[in-house]
Amino acid sequence: MKTLFTLFSKERSELEAEIDQATNPEQVVKLVQTRLDNLERSYIGKLNVAQVRLASLFLDTLRQSIGTLTAANEARVEKLESQKATDQAKRPSPKTLLLKILQGLLCLGILDSLFSLTSDAPGAWMDILLVLLLVGLEVVFQLDKRDRTQEPVEVPHSIVQVDSKVLLDNLAEALSTIDLAVASAEEVKKSPESSGIEEQPELLNLVQRLMGASFLEKPQMALELTKLLPQILMEQGIQSRIYQPDYEPSYREYFDFEPSIDPAAQDYVTITPALVKGDRLLRRGRVIEPAYSSK
């Protein structure tokens with residue numbers, strides 16, 4: 001019987017190449033689950049009922065666990081990308097820094113010129129206040145811009161590269177575990193030499209008592225013991241059928257017929273009853289029929 005591990009090993013290289021080409025976890029999950037479906041169809045063909053149920057349960061659990069791969073990886077990547085974007089926003093470029101220095105020097109020069117005019121032109125104080133107001137607005141604008149750059153930057157289309165080797169190594173290990181569990185549920189086949197009579201204590205006890213009656217040469221005792229046989233057979237779901245030509249159903253198909261050597265015989269004599277379990281014939285019976293019978 002082929003195992004899941006053997007079937008998976010034949011297709012592993014192809015699946016690994018497909019996973020390496022995938023751009024998001026959803027594609028990886030779909031590829032793996034589809035491959036598991038194909039493995040299950042190829043695997044359960046020669047299993048018994050108990051093994052099929054066990055294998056299906058384990059494989060369904062494995063599919064569900066693989067489905068959780070998506071959320072964990074995407075959340076981690078978005079967090080890393082957001083932090084990276086925030087760090088980049090905190091670093092001012094050299095050009096921006098030089099521009100801010102020039103703006104500061106220019107403002108200081110304007111304020112110095114205006115302060116020198118305050119003694120001659122009292123209205124220069126209004127210009128000074130306006131310049132200070134402009135400087136304050138610039139400071140507020142820069143602080144607000146800094147706060148906005150510190151907010152997380154969402155990455156709507158993050159690309160996640162799944163390590164195909166690690167994923168498939170773990171998948172192969174899980175399939176090998178399923179093989180061991182299914183193999184443990186294999187039915188034990190009895191050897192052809194084993195009759196199984198030791199598993200029927202009632203029948204074994206009857207045989208033992210019949211042998212005792214035979215050793216004691218007591219035919220009446222043996223005859224009484226044989227009357228227990230129908231009860232023992234019924235406990236196993238087995239019924240005996242006697243051929244009755246005048247009743248329906250007669251179960252004629254359950255018997256082999258032999259003509260009587262007595263030309264005057266007019267009755268059907270059942271030598272051996274047929275044994276039936278449910279709708280299945282276990283042993284055919286034998287019947288002696290009248291020599292004149294045309295059936």
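Just so it is clear, none of the values below were taken in a lab; they were calculated from the coordinates. Note that the coordinates shown come from a computational prediction; the quantities given were computed from them, not determined experimentally. Please note: Cβ atoms are built from the backbone with ideal geometry, for glycine as well, and neighbour counts cover all protein chains shown.
Across segment 237-295, the mean sequence separation of Cα contacts (distance under 8 Å, 6 or more residues apart), normalised by length, yields a relative contact order of 40 percent. Spacing of the modelled spin labels on R280 and M234, each 7 Å from Cα toward Cβ, amounts to 2.2 nm. Net length available on complete extension from A181 to Q220 is 8.5 nm, with 0.36 nm assigned per residue and the Cα-Cα distance removed.
Applying a threshold of 25 Å to the alpha-carbon distances of K30/K165; K10/K30; K218/K277 flags K218/K277 as lying beyond it. Phi angles of segment 265-271 translate, via the Karplus equation with coefficients 6.51, -1.76, 1.60 and θ = phi - 60°, into HN-Hα couplings of 5, 10, 10, 8, 10, 7, 7 Hz per residue; Gly and Pro are given as x.
Between R252 and A172, the distance separating the two model label sites (each 7 Å from Cα on the Cα→Cβ line) works out to 6.7 nm.
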